[in-house]
């Protein structure tokens, strides 16, 4: 008899709550350290994907936790389209005042290797704050009879600096893959 997956029993949900609690802690530390009383108005969390998808669900969980801790509304702003480019561009063009946040996934590192001209620079226009969830929705599976049961793919820690380094390496990796495969950016 196979062991039931923790996916449908809420195991993944606990991981998301743990990481969103870390974000909330960072937000609290930032608000206490600042001279202003941040936030004085609602905070916008841009989700560059359609409602109901993985990024949206995680964004809503994080938004709810941030709202509870900050005592201010966090508005989820779904801006789907163009492989997350529309929402990401919106966040890149927003005033750098902490009132617009972006939650994103794998497309953030893949797009620069695939598209010749993006309306933003994935490294220059954004600063990673935290890794919310160690999954971009991609899963490696094998037949149940195969002896492998785990695959350790934890290339980064949970610090923002480590995540920033991982993001830069990820961008470079996808650029090398695209070049080797002779994929011309559009």
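No value in this document is a laboratory result; all are computed from the given coordinates. Bear in mind that the values here come from a model prediction, so they are computed numbers and not experimental data. Heads up, the Cβs are rebuilt from the backbone with ideal geometry, glycines too, and the neighbour counts pull from every protein chain shown.
Quick notes on this structure:
- By the count of neighbouring beta-carbon atoms within 10 Å, fewest first, 43, 75 end up ordered 75, 43.
- Per-residue Cβ neighbour rank within 10 angstrom, fewest leading, 61, 103: 61, 103
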